[in-house]
Structure formats: C-alpha cells, structure tokens
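Report on the following structure.
Rule-based calculations on the coordinates, nothing more; no lab input. Predicted model only: the values in this text are computed from it and were never measured. Glycine also receives a Cβ, built like all others from the backbone with ideal geometry; neighbour counts cover every protein chain displayed.
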Amino acid sequence: MLPGAVLGAAFSTDLSGADPDVQSFRSIDNASLALYAGQNALQNGRYEEALEQYTLATEADPSWLAPWYLKAYSLTKLNRYDEALVAVDRALAIDPDDRDSNDLKAGILEYLGRSGEAEKYRRTPAARQATPTGAVPATTPKGAPLSPAITVAGLGCLVVLAGTRGRSAVCGNARAGRP
C-alpha cells in the first residue's frame, strides 16, 4: 500500500503546499510536538532541553499561550529571570487573565525585588470575582492551564487528521486556549 493510501483513497503526504490551511496545520503539528517534548524534558529536570523545545514551539505557533508560559517557567528553573519575564509577558499578551501566567510573573517580580509591582499580578480578575450565589456553569475559560491529557488528545487528533486538508473543530478545541 502506498503511503497515505487508505482503503483505495489516496491522501497527499506532502505538507509543503501553498494552501494556508495546510501550512497552518503543519505549524500546529510542530508546535504540539515540541510542547510535548518540552513537557517530557521539564518533568525529568532537563531544563535546558525543555527550554529549547518550548522555543521551537513558540516559533512554530507564536499565538499559543502554553509554550510561552512553559518557556518562562523553564527559564526560572535556570535562574534566568530577566528572560523569563520577557517570555511570561508574551503569555500575558495572549491572555492577560491567565492565572498561571499572572502568578508566575508575580513570583519573578518578587524574586527581582519588585514586590510592589508583583502584587498587581497576584490579584488577577479571576481572584477578584465575587463568590457566586447561584449555580456555576461547567465551562473552561479561554487560556485555561494546559493539561497533559489535553496535549495527548490534541496529538491524537493530529495523527487521525494527518491526511486531511481542513481544520477540525473538535481537534482545534483540544489545545488549551485555542478557539
């Protein structure tokens, strides 16, 4: 059987076409794979390797919050706080209300001796909301922290859709912070 042929249907395995949807799919794939590799390295204490992978992920998809946040976190583990501040600012530019990014920025600022400025980031909009009096809907806010299960589900969708040309709404939602 030829590569990309399934039950007599032939799908192109060439992702280098000029179609913008194909190029976008390719960049998402590269970003997801780099993020997954970075998470593996980070969990095993290989912070330099994690940083390299998160850098690749941010280059492949600069609009994805998760790799920016994880890049900033990796930089803090390497005691590179000024660079971490730049990376977490990129995450906050994508979603200013992301609690993890706000908390990380507050921690970095405190380490740098800027406690007064750090307090501003500890009081994120989610922390300032009043306690609800009625039923709370079960929704996930945009920019929710990335879960390894979501990453694996997203990678699974990428594998299933490898031969398609369009985007899948189901798989597009598997990545945290993506519409």
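For the reader, a short list of remarks on this structure follows.
- Charge tally in the Cβ shell below 15 Å around GLU52, where Lys, Arg are +1 and Asp, Glu are -1, GLU52 excluded: 0
- The local environment of SER74, defined by Cβ-Cβ distances under 13 Å, has a net charge of 0 under the rule Lys, Arg +1 and Asp, Glu -1.
- Per-peptide average of other Cβ atoms within 10 Å, ordering 108-117, 61-70, 88-97, 29-38 highest first: 61-70, 29-38, 88-97, 108-117
- The calculated P(r) of the stretch 18-126, using every Cα pair and 10 Å bins from 0, goes 17, 42, 30, 10, 2 in percent.
- Over the stretch 18-126, relative contact order from alpha-carbon pairs under 8 Å, at least 6 apart, %: 17
- Cβ-based net charge around ILE108, under 11 Å, with every Lys or Arg adding one and every Asp or Glu removing one: -3
- The alpha-carbon of LYS77 sits under 16 angstrom from the alpha-carbons of these aspartates and glutamates, leaving out residues fewer than 8 places away in its chain: GLU48, GLU49, GLU52, ASP100, ASP103, GLU110.
- For the pair ASN44 and GLU117, label points projected 7 Å from Cα toward Cβ lie 3.7 nm apart.
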